[in-house]
Each structure stands twice: as structure tokens, then as C-alpha cells.
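Below: one structure, written as C-alpha cells.
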Amino acid sequence: AGHVPLDALVQQACDEMAPLTTARGVLLDVGPLAGLAVPGDRTQLVRVLTNIVSNAVKFTPAGGRVRVSTAAVPGVEAVRVVCADEGMGIPEAEQDRLFTRFFRASNATKHEVPGTGLGLVVVRGIVEAHGGRLTLSSLEGVGTTVAVELPLTDERAHASGESADASDRHAIESS
């Protein structure tokens with residue numbers, strides 16, 4: 001796969017969310033953007049970004065704001081996409097279960113926010129398949145920030161043609 005311009009994908013995902021943001025009365029701010037390209041599958045990366053932005057918009061009340069930006073990661077050949085919302089947040093005790101299939105936070109079900117509990121599982125799989133990592137931080141009643149870090153070079157191609165195994169990913173996440 002060739003390199004894809006990440007900022008254009010961010011803009012595409014945000015444009016696709018325009019009807020939802022308008023309907024929900026949520027402000028969607030895009031930028032600053034880093035102007036970097038990443039190796040990967042355009043369709044899959046748009047799916048990641050659309051899912052993350054869609055979640056942020058769904059969980060942010062009317063009048064709230066969602067911010068999406070990209071920036072180079074200092075010291076490493078990577079770019080970070082950050083999506084921060086002013087939504088309901090996720091109860092701390094439940095955050096470690098967010099990447100479990102079909103799990104939905106108790107406040108999401110209580111407030112009847114639609115969803116299947118599969119989105120973040122799929123998103124994390126796509127991000128990791130691209131040699132990246134996904135992190136999430138949240139404060140209940142304040143909001144959630146999701147960050148996707150993607151390598152600027154296809155490191156998987158350099159490792160004797162094999163994709164990174166779980167221990168390589170663990171080493172990347174621990175550093």
C-alpha cells in the first residue's frame with residue numbers, strides 16, 4: 001500500500017460527520033493539521049477516523065465541542081491524530097473493558113446512545129495492523145480523548161517482510 005495524506009482523511013471523516021454534528025448541535029473543530037502522509041489502506045484508515053469522530057459526536061451534548069487534530073510525534077517517525085470531546089466521559093472502572101467485544105459503558109446504555117460495542121475493537125485492530133497504537137483517556141462528566149499514533153514509514157516491511165508480532169507491539173507501547 002502507498003502513502004495516504006492523513007489530513008485529507010481526517011477532513012473526509014469530519015465532512016462525513018457534518019450531518020450528524022448539525023443534527024446534534026455539536027461543534028466540530030478540525031486542526032491544526034500536520035500535513036503528513038502515512039503508509040496504509042485509505043479505506044480502513046477513514047473507517048478508523050470516522051468511527052472515532054462519530055463516537056465523539058454521539059457522546060457530546062448539544063452545544064459541546066469535538067476537536068480533531070494531527071501532529072508529528074516528537075522523537076519518533078510517527079504522527080498522532082487526537083480526537084477530544086466534551087462528552088459524558090467513561091466511568092473509570094469501565095475504561096479497561098472498552099476494547100472488549102460488545103462491551104458498552106453503563107452511562108452510554110443509560111442515556112440510550114446507540115451502538116453495538118464493536119467499534120473500538122475494530123478500530124484498534126485496524127490501527128495495530130497499520131503498525132500503530134490507539135490510546136484513550138476519559139474523565140466521566142468531562143469528556144474523552146482518543147489518540148491514534150501511526151508510523152510515517154512502513155516498519156513492517158523492514159522487518160524481513162513479516163508483520164510485527166505481539167511482543168514487538170508491546171515493546172512499542174511500553175516505550
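The values are calculated or read from the model by the stated rules, or taken from the named source; none is laboratory data. Note that the structure is predicted; figures quoted are calculated from it, not measured. All Cβ positions, glycine included, derive from the backbone under ideal geometry; neighbour counts span all protein chains shown. With ligands, DNA and RNA removed, areas are computed over all heavy atoms of the protein, side chains included. Shrake-Rupley method; radii C 1.70, N 1.55, O 1.52, S 1.80 Å.
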- Task: Might you let me know whether the stretch 11-27 holds any residue that is within 20 Å of Gly125 (Cβ to Cβ), under 14 Å from the mean Cα position of the chain (by Cα) and either at pLDDT 95 or above or open to solvent by less than 40 Å² (accessible area, probe 1.4 Å) (or both)?
- Result: yes
- Task: Check the stretch 56-68 and report whether any residue there is surrounded by 18 or more Cβ atoms within 10 Å (Cβ to Cβ), in contact (Cβ under 8 Å) with a residue 24 or more places away in the chain and under 25 Å from Gly131 (Cβ atoms).
- Result: yes
- What number goes with the only condition from (1) assigned to a strand (DSSP E or B); (2) over 15 Å from Thr145 (Cβ atoms) that Ala62 does not pass? (1)
- Query: Considering only residues of the stretch 28-55 that are in a helix (DSSP H, G or I) and either open to solvent by 20 Å² or more (accessible area, probe 1.4 Å) or hydroxyl-bearing (Ser, Thr, Tyr) (or both), which is modelled with the lowest pLDDT?
  - Reply: Asn55
